[in-house]
Structures are given as C-alpha cells and as structure tokens.
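Bear in mind these aren't lab numbers, they're just calculated from the coordinates by the rules spelled out. Note that the structure is a prediction, hence the values are computed from the model and not measured. A quick note on method: Cβ atoms are made from the backbone with ideal geometry, for glycine too, and the neighbour counts reach across all protein chains shown.
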Amino acid sequence: MTLTKETKIDNVALVGDWSIQVREITIIKEDDAVISTTYNRKTLLPFRSNQTLNENRVPTGWVHEATDISSEDARVQALANASWTDEVKTAFKTQTEARGI
C-alpha cells in the first residue's frame, strides 16, 4: 500500500475588477486510486487596507499596503500584474475608503 499526496493550483480567476481567487486541490491516492480530494480557496486583493486612528480612536486616514505576490504561482502573478493596473489600484483604494473597511 503506497499513499501519495499531490497539491496543485487548479483554478485562478479574476472576480470583479480586482479580486483574484485561487483554488488549490489536494489529492490523496492509495496505489494510484484517489481516496480523498479536498479544495482550499483564497482571495487576493491589490492592497491590505487599514484605517488609522488617533488616541481617541477617531479615524485619521488610511494605510494601503501592497499585496506581495512574489511567492504566488506564476499564473497568479501574471493575472495580478495584468489586472492590477494603476487605474484599478486607485479605484480599489477609493472604494475601500468610501466603504470604511
């Protein structure tokens, strides 16, 4: 009885203007027969955005930290680089700040 485990990205998609969804599949096999399949998903956005507060917890501005995609799969990097234009990044920041999240 030989167990093997294979994990790979099987789906990368742009959702809306800036959300990149990545699906990873993990396949467990016993003697080349699939005995388990699981999926994990994650969503990448152009920035991690946080509202700054003063000592009285009153909002004072925003900090937008660019998402590091350097360790992502080549397909994810290609999609992010093609999709996250300066125009899209500006729109993301504007919408995030307007929604207050």
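Take the residues of region 57-101 that are surrounded by 10 or more Cβ atoms within 10 Å (Cβ to Cβ) and basic (Lys, Arg): which is farthest from residue 17 (Cα to Cα)? Checked region 57-101; the qualifying residue farthest from residue 17 (Cα to Cα) is 75. Go through the residues of region 54-70 one by one and say whether even a single one is under 25 Å from residue 12 (Cα atoms) and touching a His at 6+ places or on another chain (Cβ under 8 Å). No, that holds for no residue.
On inspection, residue 62 fails the criterion of being within 13 Å of the chain's Cα centre (by Cα) and of a type outside the set (Asp, Glu).
Exactly one residue among 36, 19, 49 is in contact with a helix residue (DSSP H, G or I) (Cβ under 9 Å, 6 or more places away or on another chain) and either small (Gly, Ala, Ser) or free of Cβ contacts under 8 Å to residues at least 12 places away in the same chain (or both), and that residue is 49. Of the numbered criteria (1) in contact with a Pro (Cβ under 9 Å, 6 or more places away or on another chain); (2) within 22 Å of residue 100 (Cα to Cα), the one residue 80 fails is (2).
Within region 12-56, being among the acidic types (Asp, Glu) and loosely packed, with under 11 Cβ neighbours inside 10 Å holds for 31, 32, 55.
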